[in-house]
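The values are calculated or read from the model by the stated rules, or taken from the named source; none is laboratory data. On a predicted model such as this, the values are computed, not experimentally measured, just so you know. We place every Cβ from the backbone using ideal geometry, glycine too, and count neighbours over all the protein chains shown. With ligands, DNA and RNA removed, areas are computed over all heavy atoms of the protein, side chains included. Shrake-Rupley method; radii C 1.70, N 1.55, O 1.52, S 1.80 Å.
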Amino acid sequence: MESSKKRPPNFRLEIPGDEEFKTTIQGKLQEVKMFLTTKRNRPVNNAVVIEELLDYWIKGHSQNQPEELNQTFPSTYLQVRKKDVNQKLFVCAESSLLNICELCDAHTKNCGGKLNFIKKTMKGHVLSLRLQCSQEKMHSYSWSSSPYLPNDEYLVNHRICHGLMCSGMLPSHYTRFSNGSGLGCINWARRKQFFEEYKNSVETEYKNSIQDALYEEIGSYEDLDGINILSDARHGWRKNAKDTSVVAIGDQSHKVLDCIHVTKQQDPVSQRHEKYGTELIYENFASKDVTIKIHSHDRNLSINKLIKDKEETINQNDLWHAVKTIKKSIKNISSGSKKSEGVTWSEQLVDKAEPIATHIHWAVRHCEKDPKKLQEFIGNIIPHYENCHEKCHHQSRCKQDKNYEPSRVVLTSKIAKKLLENALKGSVIFKHPEDYILGKDTFYVESFNNVMNIFQDKRIVFGDDQYYM
């Protein structure tokens, strides 16, 4: 009786080798056969095993793959659909991106199944995924878009907290931006915990920075008997400020040597904060055996008195502020109503403000640190504009050029002369020339205060810790 199923045709392959090699080959074939039987849920023969192995090798090593095989790779250009515009966004670290590529590649080589997302969780700005194989449910992996720090916190979240603290962005701005973009948001408790740890690191960096700046400033002088500093105060509010920062900047390095935070707990009167902070700066320098030779500031009278009481320190006021005040005074007497012309102002002074400011800058830098000579230079401004040059400097063009002709309106009006004389002799430079003979400017401190406005907006009330950091 014939069987209902005919035996399929077969062929034989001759493989050279001894008994040991034959056993090895048969063992490997049996192992692959068991894997394919489990994968396909049906028994397979040696022909299927050999064909599967050859196809796998050809796909992985052939350089001339068929066109239909190339079409199986997804395009790297993705155009979002309207319904997908609100999909989750997250921040991914480079090492995590490489890690998921390695994970998918290793899984494909060992299993061949496709990995699917079965759970997505946002942890701040980090996306945490649960991946599972479509064929083998036991193949399950956890992946996050950020590597871990030694304290088991996410690197991405800490980096963004670092950027938040250093940018001057307010927590409310950060929250609105993060929620509006859908990029995830680190909760308040996490941010506060980070802040408590971060402020200690900031203080350490601050102390190292001012220490290095102080060494650099000391080393920039030929004689090591002291340093020169520029100082100023910046109030945290526009009126009745709770916080004040008093900063000291090196005259040579232009780097911050000390910065004192003064609050109303230390002194309830905001107007006294600059003096209080300056006294602490001197105490800090004294504790480091550093002497202040020249101290320049923008003419705070209480600071003037404080410095002049110190015999080893020379007080100097900012020249730019003083010249600015003189220019304003001259502009007030060079313009006005028609009926007050010749009484409170004169047309002959219209073109005098800018050249007088230039002359005062020149006078400060050529007075040879002599207050009386500085007063003489300023007092000679009126005779010069009267076209009388007997007391002008010997290097001036009006002295050297025989054909010199005034480029400004010559003063002939007694009222104009009197108005100009009152403006010049009433200026703080003329009254206190000893505070300006070195021609010091404090615009580096002003620049520092402008930068601080980025981090400490005067419209916002900061806590003591936040302001200090």
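Of note:
- When restricted to residues that are surrounded by 15 or more Cβ atoms within 10 Å (Cβ to Cβ) and farther than 18 Å from residue 317 by Cβ, the stretch 359-371 contains 1.
- First in the stretch 317-338 and farther than 13 Å from residue 428 by Cα, second anywhere and surrounded by fewer than 16 Cβ atoms within 10 Å (Cβ to Cβ) and polar (S, T, N, Q), Cβ under 8 Å, 6 or more apart: 333/344; 336/344
- Residue 126 meets the conditions (1) buried (at least 17 other Cβ atoms within 10 Å of the Cβ); (2) touching a Lys or Arg at 6+ places or on another chain (Cβ under 8 Å) in every case but one. The failed one is (2).
- Flag for residue 167 being within 17 Å of the chain's Cα centre (by Cα), polar (S, T, N, Q) and either surrounded by fewer than 19 Cβ atoms within 10 Å (Cβ to Cβ) or under 17 Å from residue 92 (Cβ atoms) (or both): yes
- Residues of the stretch 137-146 that turn out to be surrounded by fewer than 20 Cβ atoms within 10 Å (Cβ to Cβ) and either hydroxyl-bearing (Ser, Thr, Tyr) or touching a Ser or Thr at 6+ places or on another chain (Cβ under 9 Å) (or both), as a count: 4
- Listed conditions (1) at pLDDT 95 or above; (2) open to solvent by 40 Å² or more (accessible area, probe 1.4 Å) are all met by residue 311, apart from (1).
- Some residue of the stretch 166-174 being of a type outside the set (Val, Ile, Thr), in contact with a Pro (Cβ under 9 Å, 6 or more places away or on another chain) and assigned to a helix (DSSP H, G or I): no
- Considering residues of the stretch 434-461 that are farther than 20 Å from residue 362 by Cβ and of a type in the set (Asp, Glu) only, the residue modelled with the highest pLDDT: 446
- Residue match in the stretch 219-226 (condition: within 28 Å of residue 276 (Cα to Cα) and among the aliphatic types (A, V, I, L, M)): yes
- Note on the stretch 15-46: among residues that are among the aliphatic types (A, V, I, L, M) and closer than 26 Å to residue 134 by Cα, the one that is most open to solvent (accessible area, probe 1.4 Å) is 34.
- Test: residue in the stretch 202-222 that is surrounded by 14 or more Cβ atoms within 10 Å (Cβ to Cβ) and assigned to a loop (DSSP other than H, G, I, E, B): yes
- Taken as a whole, the stretch 96-109 holds no residue that is open to solvent by 60 Å² or more (accessible area, probe 1.4 Å) and in a loop (DSSP other than H, G, I, E, B).
- Close pairs (7 angstrom Cβ cut-off, 6 or more residues apart or separate chains): under 17 Å from residue 447 (Cβ atoms) in the stretch 252-273, open to solvent by 60 Å² or more (accessible area, probe 1.4 Å) and not in a loop (DSSP other than H, G, I, E, B) anywhere: 253/216; 254/444; 255/216
- Taking helices (runs of 4 or more DSSP H) as the structural unit, those lying wholly within the stretch 398-464 and holding at least 1 residues that are closer than 14 Å to residue 322 by Cβ and free of Cβ contacts under 8 Å to residues at least 24 places away in the same chain correspond to 428-431.
- Restricting attention to the stretch 147-159, the residues being open to solvent by 50 Å² or more (accessible area, probe 1.4 Å) and closer than 12 Å to residue 92 by Cα number 2.
- Candidates 280, 374: the one that is under 28 Å from residue 231 (Cβ atoms), modelled with pLDDT of 95 or more and open to solvent by 10 Å² or more (accessible area, probe 1.4 Å) is 280.
- Some residue of the stretch 113-125 being in contact (Cβ under 8 Å) with a residue 40 or more places away in the chain and of a type in the set (Ser, Thr, Tyr): no
- Odd one out for residue 184 among (1) open to solvent by 40 Å² or more (accessible area, probe 1.4 Å); (2) part of a loop (DSSP other than H, G, I, E, B): (1)
- The numbered conditions (1) within 21 Å of the chain's Cα centre (by Cα); (2) open to solvent by less than 50 Å² (accessible area, probe 1.4 Å); (3) more than 30 Å from residue 194 (Cβ to Cβ) are all true for residue 441 except (1).
- Restricting the stretch 283-308 to residues that are within 23 Å of residue 223 (Cα to Cα) and among the hydroxyl-bearing types (Ser, Thr, Tyr), the residue that is most open to solvent (accessible area, probe 1.4 Å) is 287.
- Count of residues meeting criterion [among the acidic types (Asp, Glu), more than 30 Å from residue 113 (Cα to Cα) and modelled with pLDDT of 80 or more] in the stretch 2-47: 4
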